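Below you'll find the structure, written out as structure tokens, and then a few comments.
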Amino acid sequence: MTSQSQLVFVIDDDESVRKGLKRLLRSANYESEVFKSASDFLARPPHPGPACVIVDVQMPGVNGIDFQKALIQRRREEQLVFITGYGNIPMCAQVMKAGAVDFLPKPFKSRELLKCVEHALDRSTEQRRGAAERNEARRLLDLLTPREFEVMQLVTTGMLNKQVGGELGVAEKTVKVHRGRLMQKLGVTSVAELVHFVQRAGVPPPVRSETKV
Amino acid sequence: MDWVTAVWAMLIGGCVAMALSHLFVGMWQRRGAHLCFVVAAAAVIGIAVGELFMIRATSVEQFARAQQWTHLPILILVVALVAFVRLYFRTGRVWLGVAVCAVRFVSPIINLAFPPGLNFHEITALSHIHFLGETVSVPVAVISSWTLLGELSSLLLLVFVINASIRLWRRARPNDRGIHRFGNAARLPLCVSASVCLLLLTSFCAAGAESKRVLVVHSFGTVAPPFTTHSTAFEAELVKRMGNRVDLDEVSLDMARYAAPDMQEALVDYLEKRGANWKPDLVVPIGGPAGIFVAKFRHRLFLNIPVLYCSLDRRLLGPDAFDENTTFVGANYEVRGFAEDILQIAPDTKNIAIVIGATPLEQYWTEAFRKGFEPFTDRVNFIWLNDLSFDQMLERVKALPPHSFIFLILFLRDAAGVTQNADEALQRLHAVANAPINSIFTSQMGLGIVGGRLYPSTEDGMRAAETAVRILNGASPSSFPPRIVPPSSPRYDGRELRRWKIDERYLPPGSAILFQTPTVWQQYRGWIIAALSVCVVQAVLIAGLVANLIRRRRAEGSLVESERRFHVMADATPVLIWMSGVNKLCTFFNKPWLEFTGRSMEQELGNGWADGVHADDLQKCFKTYTEAFDARQPFVMQYRLRRNDGEYRWISDEGVARYNAQGKFAGYIGSCVDVTELINKDAALRESEERMRLAADAANLGIWEWDLGNDEVWATNARRALLGWPASGKVTFEDFISQVHPSDRNRIREIIDCAIDEGKDFDSEYRLVLPDGIVRWMATRGSVHFDKDGRPARVLGISIDITARKEAETEAKQRRDELSHLTRVALIGEMSASIAHELNQPLAGIASNARAGQRFIDRGNIDLQEIRDLLTDISADARRASEVMRQIRGMIRKEQTPRQRINLNDIVMKVVHMVGPDALLHSCDLKTSLDERSPTVEADPIQMQQVLVNLIMNAFDATREIPVSSRKVEITTEQNGDGTVCTSVRDYGAGISGETSERMFEQFFTTKTEGLGMGLAIVRSIVESHGGKIEAENVEGGGARFNFILPTSPEIPK
């Protein structure tokens, strides 16, 4: 992974909060950018490095929760830290379930916020790495022929070659050949590695019909 | 039981009764006074018993003993009286009382020591006198000087009682307050003391009235007319006048029999002895011999004793018989007169035979008459029979010559020595004599004498008794000049006149003729007159009846005429007429009556008309009628009478008595009118008045009326009671005003004066200060009424006590304010999102900036400008936070901010800013559209904010269900042309449902699950208290709009 620079974004409609946060982040040696509204942020092209967004829940126009939904929809990877002047438990639960890093009621302790930011950035980094790996795995998977793909899917379910052959309607030998070839393409040496690989790629397991064993 | 015992017994009984009653009272009240009275009463009983014994005493010893013992109860009585006076009156000098008792105490001692007792030195005999028709014993005794002791004690007692009662009276009098109590008490002592005094005084009199002794000295025996006639008359009169106060004793010289000098001497001795024991207070010799005797022996027998010579000729006594202690009542016989009398009535008398006896007295008189008749001897031959015996006289008078007259002077003892009774002799002579007889004394009339100027025999006895009484009572005899009793007017025996054919013409004028046999006319005069008068009366009656008949015929004619006229009129009038006779039964009813009741005359006559009277009224009707009838007074009464259709109508019946032509009562006549309508109206009016009064009282309404003419205020009893005015009596307007609260007085005065001037109605509210200091609110409404000249005459008004309402209003306002405050507080709660947010923003800023500053410093590279900026931002944030707090405090404050001229737009903007965060929370868009003219209102800014916040929060709630993009709340202000400004809050929510729209402004009505339901109610009350109003409506395009309109206040010219 390339170590891009970390960036912290602040979205809050209140100027005091923005100013305060920017100063605080700077004092913690974080680079930050402040936005008055979520729309402004979304207009900006995504940052290529680990990013954390500190976002206020109550905002005119698009509020924090909508913003979160929008990000998810766009498969954005920025990690969110929610701050709010008026929070209640259902709101908190909702944003956390949707994948926020943390939910801090104002006024928040500066140390807490910074911790969250760090945590968020770590997660962002981690996520980026994961994403990179997945992309790689996907690329490799794309090199497989369709038949090889099917065989891979079935093998990962733990089926024996014979079973795979039965399932696909080909001879066991053919299966063996495919298996060897795909394993080579993917760069794995065992079924276990294959499984890991597939998982990394995020390929969903196939729908299995009744196992006729 | 004889009278005396009866009376005494009654007295004793009375005393017993009094004693018993006082005993009970004394024991109940425990007052010694009553017990003393009991003792006194018992003592009186003892005295009465003693007196009874004395009265009934048959012997001197008995009398004396009774007397002695009587003194004991007398002592007890005195002591008890003294004690009674002292205890009952509580006054009375003690030493005086003690003195009284002491003196009285001495009396029984003396009684016992000196028999026979205190009062009498010696009781010589018991004489019996008549008292109340019974004989009672009275002592003949010498009064002892110890009597004075008893009298002294009585006197002292009298003084004691009078003194005690005067002291009590004086004590009671000046005390004005207790005058009533003492009034009775003051009267009481007067009564008691008066009765005690009376008792004592009578005892004085009784004690003082000891018997007077009179000695009558008779000349001749017991029956010796005319002397005994005199003496009987004298004694009878004396006893009559003095009763048992005179002790009469008689002694007779009996000179008829005993005239010898030695007999006289014996008599003198005898009288001397008698006089030693019994000294008379007066000596009354009757007749010449007695007079001479007494005159002769006065110095021996009756020295210093008054003498009354009675019934004798004065010439019999010498001048030495008379001194200052004597007097005389007698006659001066004129001898000539006798002869003249005879010759007058029988002028042709030739002979007069003189009958006279032979006692020395008679001899004296014989001589005197001889001398006296001398002048007549030439006319008349006097035949002196004094030397004959009576029988001889009788023979002589049988055969007297014609034209004779017999004259009897005195006849006590004839020549033969036989004692005679002159009156008997007269009668015997009369029986045989052949000539008329005459004599001297009036008492001899009817015995056979003809009559003439006779000398009264009883009269001088009575005159003598009069004089005797006066002498006995203490007058000096010398104060009575000798009294000569003249002959009385001529009187004649009618029988003798007839017998001797004496012509009445000869009788002197002024003669009285006695013993006349009346003529037939005289005898049967009464009957004749009666018969005649009966005839006359009959005749008169017949004449009268005839005349009456004629008159009646005439009267009947006119009566019939008048009756006819009456009937015609009675039947023509619409009034119902009835008549009744003297027996109260009705005799006539006019046609209208009969038509009214629908009955016939026969049915109504008598008491038949009562059938038509209503049962409830019948009793009263009859009563009024009969009472008035008996009193012959007119009457008016109302009762219900059944009309011919069965309905009972109220009738007013007036009846008067009527009299016939002679003025005699003939019965009653009356007229009736149907007054049902009037009565109903009257009843209805009374009922309605009563209802009004009840309603007024129930509603606590006071009705009053002020008469402007005489400044008198009339008010219902309820109002009078309320104001503490008396139930009656004049009340003026000023009285009323003085009770109005000082701060309202002028206002009320002005209002009423204004109303009177303009003739308008008025109403106002004011406070009354009631007599007990309580303040009450009254609402009064009144109107002015004018008299016929158009001037204000009266003010009528109604007042209601609205204190309760006012109190309720005040309380309600208080509650509202409290509630307003509470909802403001609640509202703050609802706005907590905003508040929290508003506070948290600056706080977060402050925290961040401060932390950053610290980190900068820790890091080491301090950019001072950066720090400076940072600190500036911190203070700005702090200010922001405190501004929010200030606003909140303003909302929470309980006291009302004063109303002020505020710009509505500013308020709206402020509120919009305030609820900004909440708008975000609800994802609501808040828009304003404000009138450019910047309307101002006179209002409480905080309350206005409260209204707007409430409406806006409600609008937010309303937009909860709708999608975010449509969530809008619009606030507008708009100034209307009519001086009001309309502010509206509009949402795009679901709108107001039907049920909600009716009830949404109600208290405790909410559609929120957690709402109080007070918001809109408070909003409305705030708007309305500012003089505005609020309404809500559903708007086209969705949602609801709440408008409230407030009056603008004119802008201050800039």
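The values are calculated or read from the model by the stated rules, or taken from the named source; none is laboratory data. Because the structure is predicted, anything quoted here is derived from the model rather than measured. Every residue, glycine among them, receives a Cβ derived from its backbone with ideal geometry; neighbour counts consider all protein chains shown. Heavy atoms of the whole protein, side chains included, go into the accessibility calculation; ligands, DNA and RNA do not. Shrake-Rupley method; radii C 1.70, N 1.55, O 1.52, S 1.80 Å.
Selection of region A:110-169 for residues being outside any helix (DSSP H, G or I) and under 15 Å from the mean Cα position of the chain (by Cα) yields an empty set. Please verify whether B:ARG428 is in contact (Cβ under 8 Å) with a residue 60 or more places away in the chain and open to solvent by 50 Å² or more (accessible area, probe 1.4 Å), treating the condition exactly as stated. Here the answer is no, as B:ARG428 does not meet what is asked. Only residues that are open to solvent by 70 Å² or more (accessible area, probe 1.4 Å) and among the hydrophobic types (A, V, I, L, M, F, W, C) were counted in region B:893-914, giving 1. Scanning region A:172-191 for residues being of a type outside the set (D, E, K, R) and open to solvent by 60 Å² or more (accessible area, probe 1.4 Å) gives a total of 3. Among the residues of region B:866-885, the one identified as facing chain A (nearest Cβ under 9 Å), without any contact (Cβ under 8 Å) to a residue 24 or more places away in the chain and open to solvent by 50 Å² or more (accessible area, probe 1.4 Å) is B:ASP869. Within region A:104-132, the set of residues being more than 14 Å from every other protein chain (Cβ to nearest Cβ) and crowded, with 20+ Cβ neighbours inside 10 Å comprises A:ALA120, A:LEU121, A:SER124. Scanning region B:738-751 for residues that are of a type in the set (Val, Ile, Thr) and open to solvent by less than 30 Å² (accessible area, probe 1.4 Å) yields a count of 2. Within region B:929-975, the set of residues being open to solvent by 10 Å² or more (accessible area, probe 1.4 Å) and in a strand (DSSP E or B) comprises B:SER929, B:THR936, B:GLU938, B:LYS968, B:GLU970, B:THR972, B:GLU974, B:GLN975. Of the residues making up region B:752-772, those that are crowded, with 16+ Cβ neighbours inside 10 Å and closer than 11 Å to B:VAL795 by Cβ are B:ILE752, B:ALA755, B:ILE756, B:PHE762.
Take the residues of region A:85-103 that are without any contact (Cβ under 8 Å) to a residue 24 or more places away in the chain and more than 11 Å from chain B (Cβ to nearest Cβ): which is most open to solvent (accessible area, probe 1.4 Å)? Checking each candidate, the answer is A:LYS97.
Of all residues in region A:35-50, those that are in a helix (DSSP H, G or I) and of a type in the set (A, V, I, L, M, F, W, C) have Cβ atoms under 6 Å from Cβ atoms of residues that are surrounded by 14 or more Cβ atoms within 10 Å (Cβ to Cβ) and at pLDDT below 90, 6 or more apart or on another chain, in A:ALA38/A:VAL62.
Within region B:896-915, the set of residues being at pLDDT 85 or above and within 14 Å of chain A (Cβ to nearest Cβ) comprises just one member, B:VAL912. Within region B:916-928, the set of residues being within 13 Å of another protein chain (Cβ to nearest Cβ) and surrounded by 13 or more Cβ atoms within 10 Å (Cβ to Cβ) comprises B:GLY916, B:PRO917, B:ASP918, B:ALA919, B:LEU920, B:LEU921, B:HIS922, B:SER923, B:CYS924, B:ASP925, B:LEU926.
Let's see how each residue does on (1) hydrophobic (A, V, I, L, M, F, W, C); (2) buried (at least 19 other Cβ atoms within 10 Å of the Cβ); (3) modelled with pLDDT under 85:
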site	(1), (2), (3)
B:ALA266	yes, no, yes
B:GLY287	no, yes, yes
B:GLY318	no, no, yes
B:ALA331	yes, yes, yes
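The residue list A:PHE82, A:PHE67 contains one member that is buried (at least 20 other Cβ atoms within 10 Å of the Cβ), in a helix (DSSP H, G or I) and among the aromatic types (Phe, Trp, Tyr), which is A:PHE67. Within the span defined as region A:54-65, every residue fails to be free of Cβ contacts under 8 Å to residues at least 40 places away in the same chain and either more than 14 Å from chain B (Cβ to nearest Cβ) or acidic (Asp, Glu) (or both). A search for C-beta distances below 7 Å between a residue of region A:136-162 that is touching a residue at least 12 places away in the same chain (Cβ under 8 Å) and any residue that is open to solvent by less than 20 Å² (accessible area, probe 1.4 Å) and not in a helix (DSSP H, G or I), counting only pairs 6+ apart in sequence or on different chains, returns A:MET152/A:LEU144.
Applying the criterion of being open to solvent by less than 20 Å² (accessible area, probe 1.4 Å) and within 17 Å of A:SER124 (Cα to Cα) to the residues of region A:33-53, the residue that is farthest from the other protein chains (Cβ to nearest Cβ) is A:GLY49.
Note on region B:691-796: enclosed strands (runs of 3 or more DSSP E) holding 1 or more residues that are in contact (Cβ under 8 Å) with a residue 24 or more places away in the chain are B:701-707, B:762-769, B:775-786. The one condition from (1) within 14 Å of chain B (Cβ to nearest Cβ); (2) at pLDDT below 90; (3) open to solvent by 40 Å² or more (accessible area, probe 1.4 Å); (4) not in a helix (DSSP H, G or I) that A:MET1 does not meet is (1).
Just wondering, is there one or more residues in region B:814-831 that are open to solvent by less than 40 Å² (accessible area, probe 1.4 Å), within 14 Å of chain A (Cβ to nearest Cβ) and not in a helix (DSSP H, G or I)? Yes: region B:814-831 contains one or more residues that are open to solvent by less than 40 Å² (accessible area, probe 1.4 Å), within 14 Å of chain A (Cβ to nearest Cβ) and not in a helix (DSSP H, G or I). For the residues B:ARG470, B:ARG463, B:ARG491, the requirement of being surrounded by 15 or more Cβ atoms within 10 Å (Cβ to Cβ) and without any contact (Cβ under 8 Å) to a residue 12 or more places away in the chain singles out B:ARG470. Filtering region B:847-865 to residues that are at pLDDT 85 or above and either open to solvent by less than 40 Å² (accessible area, probe 1.4 Å) or basic (Lys, Arg) (or both) leaves B:ALA847, B:SER848, B:ASN849, B:ARG851, B:ALA852, B:GLY853, B:ARG855, B:PHE856.
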